[in-house]
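Comments concern the structure below.
The values are calculated or read from the model by the stated rules, or taken from the named source; none is laboratory data. Since this is a predicted model, take the numbers as computed values, not measurements. Cβ coordinates were reconstructed from backbone atoms using ideal geometry, including for glycine residues, and neighbour counts include every protein chain displayed. Ligands, DNA and RNA are excluded from the accessible area calculation, which covers all protein heavy atoms including side chains. Shrake-Rupley method; radii C 1.70, N 1.55, O 1.52, S 1.80 Å.
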Amino acid sequence: MKEQREGFRSFMGLALDEARAAASRGEVPVGAVVVQGDRVLAQAGNRTRELADPTAHAEMLAIREACAVLGSERLVGCDLYVTLEPCPMCAAAISAARIGRLYYGAADPKSGGVAVGARVFSHPQCHHVPEVYDGIGGAEAEALLKEFFAGRR
């Protein structure tokens, strides 16, 4: 994808903490963090089972919280860090929120919506395309997912 900008500070560690917390709750270990500059606006882990809500993905929860903090439906100038490639639903929400940069860890060949599958940001109907950076913390994110699902089999 794109080359990282100078002075880059990653918030993927916080997203990985949220993913570990999600796993401890029995949720698929995915975590997300929304930042504006160096300010963390929101962080969340998956809560689909806990909330009985198929839309309670880490990205969706973090986007909702960040919008509430800013009092706006737009997150212009904000970045999203997520441990797993967003699904099509989350990619559409990222576009709708006008997030500036998306950083994600592990690729999701089964349900991804950015680099594989639906490729939401490539569709002509997509109104906003963030800068996308992949593979940040990818090995650790992938290991968390593999460990979680191995324990379920």
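What to note about this one:
- 10 Å Cβ shell holding at most 16 others, DSSP loop, GluC sites (Glu not before Pro): longest site-free stretch of the chain: 74-153
- Selected from Leu16, Leu70, Leu41 as most flexible by GNM, with the chain as the system and alpha-carbon contacts under 10 Å: Leu70
- Taking all protein chains into account, the per residue accessible area for the chain stands at 49 Å² (1.4 Å probe).
- Counting only DSSP beta bridges whose two residues both lie in the chain, roughly 55 percent are antiparallel.
- Loop-located trypsin sites (Lys or Arg not before Pro) in the stretch 71-131 (DSSP state not H, G, I, E or B) with no more than 10 neighbouring Cβ atoms inside 10 Å: Lys110.
- Estimated translational diffusion coefficient (Stokes-Einstein, Kirkwood radius over Cα pairs, 37 °C, 0.692 mPa s) of the chain: 217 µm² per second.
- Cβ-based charge dipole, the chain, positive-most Cα from Ala32, Pro109, Val76: Pro109
- Whole-percent carbon and sulfur share, accessible surface of the chain, 1.4 Å: 51
- Quotient of Cα Rg and 2.2 N^0.38 Å for the stretch 85-132, N being how many residues it contains: 0.99
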